Amino acid sequence: MLVGIALGLAGCNSEASQQAEAQRHLDAARAKLSQANAGYVPQSSSSEGSTGLLVYRQETMDAAFADLNKVMSLNAPQQQLQALRMGADIDSSAALHAAGQAADENAVLAGRSTLLLGYLSAFEGSATRAASLEPQTAESLAKLQEEIQRQTAKREQFTAEAADLTSQLEAVNTEIQKFKDLADEGNAQAQDLSEKAFVSQGEHMYDLQDQASQLERSAAIESASAEQQQVAGTDLSGRLNLAQGQLDAANKLLDELASQVKDTRADTARLTDESAKAQAASTEASQAMAKEFSQVVSVHQSAVQKQMTLAGQKIDKAVADLERAVSLAGKNADRKTAAQDVRMTRLQLLAAYVDQAYIATSHAGYLGDLASTAGALAGSVERITPQEVGTYREQADQLAQAQTDLNAKASEAIQAGTQLALELAPEGSTPEDGDVEAIALKQKDRLEGYGERASIQ
């Protein structure tokens, strides 16, 4: 019996020792994260300049993750739960940061797409001119008139798109301000409760701290919504620039076509020579267009695609860790603590599902924009020089398929998130039912918005 008691005590001591070690690693990870997010490089570090800050931050974050991994190797369920949630927060933040960088790169790429469409206009115009500069016939003029009608229809389409995008951009800017105001209000209330908690004691202090924590999370959601709306605004700005570039290109081509009609009717002596020049210009424009298209695809792969792939990997890992954390939270012997841990972890998981849906739909949208550009190029090239359409058509099809796959992934995240939101805030719930219900309802609204976005891409 004495041996049994001794072994039992040894086991308890071993478990307590592992829990204490896990807590030390958890505290160390928190400290390192605080250093990484401080916004400056300590004098003790060898990193310098803005690049040095990025290197220092990444190295410090990696060190924090190393501590979190050590926690996961120990027999310390409560510390493991905190480590999983902390790691998920880090991954979610990194995912949104990468998505924001991709949005900036995609907006810049929209300008390159405008240049690409300029090459397309030059290609179409010179090819049409070469075809029309044959001995004067009614058929030649008819072709020019048909092209004018086609380009006029495109101009009307681009005008309508530019007007619609302008309206959307104004609406997004209004939403951004609304979310910022809500976030500021929530943070102010949370600060007030935290100050009251600081001077309180006992259960009242903990209640105030819990309320402040919930207000901070709600404010963080509003702030995240503002940031994501800002990304949407950046994307809309890029698309508006593209639509305006298309409109300018269409106007320029119409002017050129009108001039061609006049020239064709007025002068037939130079038709043969001008036809050769137009053909040479068409070939030159085709080559320039192909080169620019290749560069646009390359930049998309190295900047937008790379960042969005990283964002997807980070948020997928955050979701997986939080799903694991929900299971771990429910195993606490203290039922009250277990219920609270499960509830808060599921709320964090819901936020991760929302971020996962946002990242997937945004990535799908970027691919769709480039697929549309490639499709437009393929349509014109196939009409003028069918033998050169292969690369454009193949790229358009690949991008469209990748877009479809990402929208399917977004649908899975939306479905999982909606189900979880309904469990946290059942049908008929209102924001007045509690902070958790209010947050869940907001997240459900955001998921529905992403669902609509995925369905129209």
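Got a number for residues in segment 43-58 being polar (S, T, N, Q), surrounded by 12 or more Cβ atoms within 10 Å (Cβ to Cβ) and modelled with pLDDT under 70?
2
Go through segment 244-264 and give me each residue that's out of contact with any Gly (no Cβ under 9 Å at 6 or more places or on another chain) and closer than 15 Å to I148 by Cβ.
Answer for segment 244-264, where residues must be out of contact with any Gly (no Cβ under 9 Å at 6 or more places or on another chain) and closer than 15 Å to I148 by Cβ: A250, N251, L254, D255, A258, S259, V261, K262, D263, T264.
Are any residues in segment 325-379 under 30 Å from G233 (Cα atoms), charged (D, E, K, R) and either touching a Lys or Arg at 6+ places or on another chain (Cβ under 6 Å) or modelled with pLDDT under 90 (or both), and if so, which ones?
Residue satisfying the conditions is D369 alone.
Might you check whether a residue that is assigned to a helix (DSSP H, G or I), touching a Lys or Arg at 6+ places or on another chain (Cβ under 9 Å), at pLDDT 85 or above and assigned by TED's automatic domain parsing to the domain that holds G100 occurs anywhere in segment 394-402?
no
For segment 319-331, check the following and say yes or no: at least one residue is free of Cβ contacts under 8 Å to residues at least 40 places away in the same chain, farther than 28 Å from V297 by Cβ, of a type in the set (D, E, K, R) and assigned to a helix (DSSP H, G or I).
Yes; the residues of segment 319-331 include at least one that is free of Cβ contacts under 8 Å to residues at least 40 places away in the same chain, farther than 28 Å from V297 by Cβ, of a type in the set (D, E, K, R) and assigned to a helix (DSSP H, G or I).
Take segment 325-352 and flag every residue that is charged (D, E, K, R) and more than 25 Å from the chain's Cα centre (by Cα).
K331, D334, R335, K336, D341, R343
So for segment 353-365 (the condition being in contact (Cβ under 8 Å) with a residue 60 or more places away in the chain, more than 12 Å from the chain's Cα centre (by Cα) and in the same structural domain as S93 (by TED's automatic domain parsing)), does at least one residue qualify?
Yes: one or more hits.
Consider V436 carefully, then state whether it is touching a Gly at 6+ places or on another chain (Cβ under 9 Å) and hydrophobic (A, V, I, L, M, F, W, C).
Considered against the rule, which asks whether it is touching a Gly at 6+ places or on another chain (Cβ under 9 Å) and hydrophobic (A, V, I, L, M, F, W, C), V436 comes out as no.
How many residues, within segment 303-343, are farther than 30 Å from A107 by Cβ and touching a helix residue (DSSP H, G or I) at 6+ places or on another chain (Cβ under 8 Å)?
15
If I ask for residues that are surrounded by fewer than 22 Cβ atoms within 10 Å (Cβ to Cβ), in contact (Cβ under 8 Å) with a residue 12 or more places away in the chain and either not assigned by TED's automatic domain parsing to the domain that holds A360 or not β-branched (V, I, T) (or both), which ones from segment 421-442 would you list?
Across segment 421-442, the qualifying residues are L422, E423, L424, S429, D435, E437, A438, L441, K442.
Would you point out which residue out of L68, L96, L81 is outside the structural domain of N241 (by TED's automatic domain parsing), closer than 22 Å to E323 by Cβ and modelled with pLDDT of 80 or more?
The unique qualifying residue is L68.
Run Y40 past the list (1) at pLDDT below 80; (2) surrounded by fewer than 19 Cβ atoms within 10 Å (Cβ to Cβ); (3) assigned to a helix (DSSP H, G or I) and report the number of the one that doesn't hold.
(3)
The values are calculated or read from the model by the stated rules, or taken from the named source; none is laboratory data. Treat the numbers as computed from the prediction; the structure is a model and nothing was measured. No Cβ is skipped: glycine too gets one built from the backbone with ideal geometry, and neighbour counts run over all protein chains shown.
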